[in-house]
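Take a look at the structure below.
The values are calculated or read from the model by the stated rules, or taken from the named source; none is laboratory data. As the structure is a computational prediction, the values presented were derived from the model and not from experiment. All Cβ positions, glycine included, derive from the backbone under ideal geometry; neighbour counts span all protein chains shown. SASA here: full protein model, heavy atoms, side chains in, ligands and nucleic acids out. Shrake-Rupley method; radii C 1.70, N 1.55, O 1.52, S 1.80 Å.
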Amino acid sequence: MKKLKRWLYAIAILIFSTLLVAFAYDMEQGTPIALSSTQAGRQEMLMWVADIFGFKGSIVVAVLATGFGLYYAISQHFKK
């Protein structure tokens with residue numbers, strides 16, 4: 001179960017990284033982003049981070065976070 005949990009965390013990091021880059025791209029293009037009704041706080045936090053890093057910086061953060069998450073999941077998967 002612990003190995004599955006690590007993979008789920010890696011997938012969650014991938015999803016949030018994708019959202020971060022998408023928000024940064026939309027903000028750079030000037031596209032208005034409507035807040036969701038259920039996760040507005042989390043969305044505002046991602047938009048704040050996207051605004052700070054910009055599009056290229058968000059790509060770097062997303063690649064690093066996703067890479068670290070996958071590396072950790074793979075390394076823990078093969079440990080006994």
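So if each residue of separation counts as 0.36 nm, and I subtract the Cα-Cα distance between residue 72 and residue 18, what length gain in nm does that give? Before the final figure, lay out the partial values.
Working: separation 54, 0.36 × 54 = 19.44 nm, distance 1.88 nm.
So the extension gain works out to 17.6 nm.
As a check on your grasp of the helix formula, calculate [θ] at 222 nm for the chain: sum -39500 (n - 2.57) over DSSP H runs of n ≥ 4, divide by the residue count, round to the nearest 500.
-30000 deg cm²/dmol
Give the accessible area for residue 61 in Å² (nearest 10); use a 1.4 Å probe, count only protein heavy atoms, and leave out ligands, DNA and RNA.
Number for this one is 50 Å².
On a 1.4 Å probe surface of the protein chains, which of 79, 2 comes out largest in accessible area, and what is the full order?
Details: 79 120, 2 150 Å².
Descending order: 2, 79.
Based on Cβ point charges of +1 for Lys and Arg and -1 for Asp and Glu, what charge dipole magnitude is obtained for the chain about its Cα centre, in debye rounded to the nearest 20?
Here the chain has a charge dipole of around 820 debye.
Choose one answer from 31, 66, 18: the residue with the largest mean-square fluctuation in a GNM of the chain with alpha-carbon springs under 10 Å.
Its mean-square fluctuation being the largest, the pick is 31.
Residue separation times 0.36 nm, minus the C-alpha to C-alpha distance between residue 64 and residue 52: what's the value?
The span from residue 64 to residue 52 would gain 2.7 nm if fully extended.
How much accessible surface does residue 71 have with a 1.4 Å probe, in Å² rounded to 10?
Per-residue accessible area (residue 71): approximately 150 Å².
Could you tell me the calculated FRET efficiency between residue 35 and residue 4, based on Cβ-Cβ distance and R0 = 35 angstrom, to the nearest 0.05?
Rounded to the nearest 0.05, the efficiency is 0.60.
Please work out the average accessible area per residue across segment 3-80, using the 1.4 Å probe convention, and give it in Å².
On the way: 5700 Å² over 78 residues.
That works out to 73 Å² for each residue.
Out of (i) 19, 41, 26, 12, 2; (ii) 20, 46, 26, 8, 0; (iii) 19, 42, 30, 9, 0, which label holds the value of P(r) over Cα pairs in 10 Å bins from 0, in percent that was computed here?
(i)
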